[in-house]
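K.L.:
Please read through the structure below; I'll follow up with questions.
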């Protein structure tokens, strides 16, 4: 495998698992729920040990394309007699059907909960005091464009307002990364905010603004961070650099600064990058991909046309067969008539 192919494979693997890297780590997930979800007091004391990942129970039921979705069961403390199920969606571009995707999860989670409770005590779901666990649907959006999708479910229903009383309705909780400035994230001084700082790097131009951040604060965040968390942050940075066509060796060396907990030196040794040239290279690659897609589409149209022609020919043959059958029957009738006349 060439270095370019190796680069592409590694970048694809890291990009696909970005949300898993973040939300499958209990420490980062707990920091996210405590620091970025407002209005739910019981989440303010959530600790890593309170979070149980149950994604494998639900995600495979929908599609392989949704393998970055995460479903968490968050156990509430202080004697609260229920637990909270948190659904975390991860988006990098605006997607208008997200409320329906979430609704499918919610219904299945509640059905699964009911089955589990019925196994524990038959008939419990029919009791007056039976309740289903609350579900917190979260959309963590990293895209640069403004999220223009309505947060409610009924907006996806025709005449949703008129039928509002009769339609299941809810809102998901949107956490748009674009609404947090780099300095605001840095001031929070925790690992999840550092992850979000790196996820704000959308283009190579953004490296300049990252360099302007306080080196002391960056160093302080990682000072007591467990090594496996530093590795996660390094992998997320590595994915961005590879996606931006930074040479693999340079990308690895730069991400290595995170593993060594030397955030202040993150891009210090990185060779100057000809950003217009890199962007032109990316455009050329995209144009090549688009040309390949157009060729594939043209070939599909050709195959479809051939299939339509074959379908038409089959129909003509069937009509001729029917006509021949009618003619045979007429000849048989005439033959029978002649025989009777003799």
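The values are calculated or read from the model by the stated rules, or taken from the named source; none is laboratory data. The shown structure was predicted, so the numbers you read here are calculated from the model rather than taken from an experiment. Positions of Cβ are generated from backbone atoms using ideal geometry, with glycine treated the same way; all protein chains shown enter the neighbour counts.
K.L.:
Working only within the range 113-158, note down all residues that are more than 20 Å from residue 55 (Cβ to Cβ), out of contact with any strand residue (DSSP E or B) (no Cβ under 6 Å at 6 or more places or on another chain) and not in a loop (DSSP other than H, G, I, E, B).
P.N.:
Restricting attention to the range 113-158, the residues satisfying the condition of being more than 20 Å from residue 55 (Cβ to Cβ) are 117-131, 143-158.
Applying the additional criterion that residues be out of contact with any strand residue (DSSP E or B) (no Cβ under 6 Å at 6 or more places or on another chain) yields 117-131, 143-146, 148-150, 153-158.
Hits for the range 113-158 are 117, 118, 119, 120, 124, 125, 126, 154, 155, 156.
K.L.:
Quick one: in the range 58-95, of everything that is out of contact with any strand residue (DSSP E or B) (no Cβ under 6 Å at 6 or more places or on another chain) and at pLDDT 85 or above, which residue is surrounded by the fewest Cβ atoms within 10 Å (Cβ to Cβ)?
P.N.:
If we take residues in the range 58-95 being out of contact with any strand residue (DSSP E or B) (no Cβ under 6 Å at 6 or more places or on another chain) and at pLDDT 85 or above, then 94 is surrounded by the fewest Cβ atoms within 10 Å (Cβ to Cβ).
K.L.:
Separate question: So, in the range 204-250, how many residues would count as being part of a loop (DSSP other than H, G, I, E, B) and either surrounded by 14 or more Cβ atoms within 10 Å (Cβ to Cβ) or in contact with a strand residue (DSSP E or B) (Cβ under 7 Å, 6 or more places away or on another chain) (or both)? Before the answer, list the steps.
P.N.:
Step one: filter the range 204-250 for residues part of a loop (DSSP other than H, G, I, E, B), giving 204-205, 212-214, 224-226, 244-247.
Now restrict to residues that are either surrounded by 14 or more Cβ atoms within 10 Å (Cβ to Cβ) or in contact with a strand residue (DSSP E or B) (Cβ under 7 Å, 6 or more places away or on another chain) (or both): 204, 213, 225, 244-247.
So the count comes out to 7.
K.L.:
Oh, and also: Which ones in the range 164-181 are in a helix (DSSP H, G or I) and either free of Cβ contacts under 8 Å to residues at least 24 places away in the same chain or surrounded by 17 or more Cβ atoms within 10 Å (Cβ to Cβ) (or both)?
P.N.:
Step one: list which residues in the range 164-181 are in a helix (DSSP H, G or I), which gives 164-166, 177-179.
Within the range 164-181, 164, 165, 166, 177, 179 qualify.
K.L.:
Filter the range 34-57 down to the residues that are in contact with a strand residue (DSSP E or B) (Cβ under 7 Å, 6 or more places away or on another chain), modelled with pLDDT of 90 or more and in a helix (DSSP H, G or I), then identify the one that is surrounded by the most Cβ atoms within 10 Å (Cβ to Cβ).
P.N.:
50
K.L.:
Another question, if that's okay. Being outside the structural domain of residue 98 (by TED's automatic domain parsing) and more than 26 Å from the chain's Cα centre (by Cα) narrows it down to one of 189, 161, 117, 121, so name that one.
P.N.:
On the way: 161 fails: outside the structural domain of residue 98 (by TED's automatic domain parsing); 117 fails: outside the structural domain of residue 98 (by TED's automatic domain parsing); 121 fails: outside the structural domain of residue 98 (by TED's automatic domain parsing).
Just one listed residue meets the conditions, 189.
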